[in-house]
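K.L.:
Here it is, the structure in full.
The values are calculated or read from the model by the stated rules, or taken from the named source; none is laboratory data. Predicted, not measured: the structure shown is a model, and the values here were computed from it. Quick reminder, even Gly has a Cβ in these numbers, built from the backbone with ideal geometry, and neighbours come from all protein chains shown.
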Amino acid sequence: MNSLNGELTPEKLARMLDLSAVRAEADADEVRRLAEVAKQYNCICAFVLPAFFAELKRHLADAPDVGLGGVVGFPSGGHGTAIKVAEARELLAQGATELDMVINVGMLRSKRNQYVEDDIRAVVEAADPVPVKVILEAHHLNDEEIIRGSQIAVRAGAAFVKTGTGWVSPGATPHYVRLIKEAVGDAARVKAAGGVRDLATVIEMYHLGATRFGVGLNSGIDILKECSACCSNS
């Protein structure tokens with residue numbers, strides 16, 4: 001197995017995985033199972049839609065090493081800035097330790113760069129010191145827009161630039177990860193999300209610059225089991 005800077009263990013991998021239940025159809029049972037799996041493997045963070053955030057927090061009350069992730073402006077990014085800020089503040093008041101916000105895709109495509117930057121900065125400042133990951137939804141963007149959006153996110157204080165929400169295909173691709181990493185350099189980290197469903201994809205994208213991976217519950221289980229099997233057979 002091609003490992004990540006040496007031997008890759010399920011424990012190391014779990015600390016790069018944001019387990020998520022952020023699809024519209026995710027229900028209370030999935031949120032409960034998400035928390036159980038996040039605790040079992042000690043994942044870095046778990047994400048749910050805002051209405052389920054308090055429920056997730058209850059489920060993870062005995063797992064202090066698993067972060068509580070909230071989403072802002074999800075999934076379209078078209079909310080007004082004041083709404084995004086209010087949503088961020090509500091999640092922070094409930095105990096969010098990380099926020100993933102969706103960029104205003106339409107404004108970016110319209111080349112209204114200052115609007116996009118101000119929108120991101122408002123959430124970053126409201127969240128400080130909680131880190132904010134800025135979601136580009138790269139599927140809707142061309143290469144120039146991905147690069148420009150990444151650079152704007154860095155200027156606005158993003159801790160991470162993230163490929164997508166996972167709501168549209170193809171989500172993360174090696175091309176998107178490479179573009180974002182080249183655009184941000186060491187000024188921000190890269191999160192790949194959407195379509196990350198096996199260990200080989202994680203390893204490939206890691207070597208391209210991604211250090212955090214957003215995965216759905218079932219994909220996360222499969223990836224962690226695959227990693228365990230590889231370690232057992234090595």
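K.L.:
Taking Val168 as the residue in question, decide whether it is surrounded by fewer than 19 Cβ atoms within 10 Å (Cβ to Cβ) and aliphatic (A, V, I, L, M).
P.N.:
yes
K.L.:
Pick from Glu87, Glu25, Glu36, Glu55: which is of a type in the set (D, E, K, R) and within 18 Å of the chain's Cα centre (by Cα)?
P.N.:
Glu87
K.L.:
Give region 78-116 a look and list any residue that's buried (at least 20 other Cβ atoms within 10 Å of the Cβ) and either charged (D, E, K, R) or modelled with pLDDT under 95 (or both), or say none.
P.N.:
Lys84, Glu87, Glu98, Asp100
K.L.:
Let me ask another. Out of everything in region 174-194 that is out of contact with any strand residue (DSSP E or B) (no Cβ under 6 Å at 6 or more places or on another chain) and surrounded by 19 or more Cβ atoms within 10 Å (Cβ to Cβ), what residue ends up being nearest to Leu99 (Cα to Cα)?
P.N.:
Of everything passing the filter in region 174-194, Gly194 is nearest to Leu99 (Cα to Cα).
K.L.:
Given the criteria at pLDDT 95 or above and in contact with a Gly (Cβ under 8 Å, 6 or more places away or on another chain), does Leu68 qualify?
P.N.:
Yes.
K.L.:
Separate question: Quick one: in region 117-131, of everything that is surrounded by 18 or more Cβ atoms within 10 Å (Cβ to Cβ) and in contact (Cβ under 8 Å) with a residue 40 or more places away in the chain, which residue is farthest from Ser169 (Cα to Cα)?
P.N.:
Ranking the qualifying residues of region 117-131, first place goes to Ala126.
K.L.:
A further question on this structure: Out of curiosity, is Leu17 touching a Cys at 6+ places or on another chain (Cβ under 9 Å) and of a type outside the set (Asp, Glu)?
P.N.:
yes
K.L.:
Follow-up question, since we're still on this one. So, in region 178-215, how many residues would count as being in contact with a helix residue (DSSP H, G or I) (Cβ under 6 Å, 6 or more places away or on another chain) and among the aromatic types (Phe, Trp, Tyr)?
P.N.:
1
K.L.:
So, of the residues in region 208-234 that are without any contact (Cβ under 8 Å) to a residue 40 or more places away in the chain and exposed (fewer than 15 other Cβ atoms within 10 Å of the Cβ), which turns out to be nearest to the chain's Cα centre (by Cα)?
P.N.:
Per the stated criteria, the residue is Asn218.
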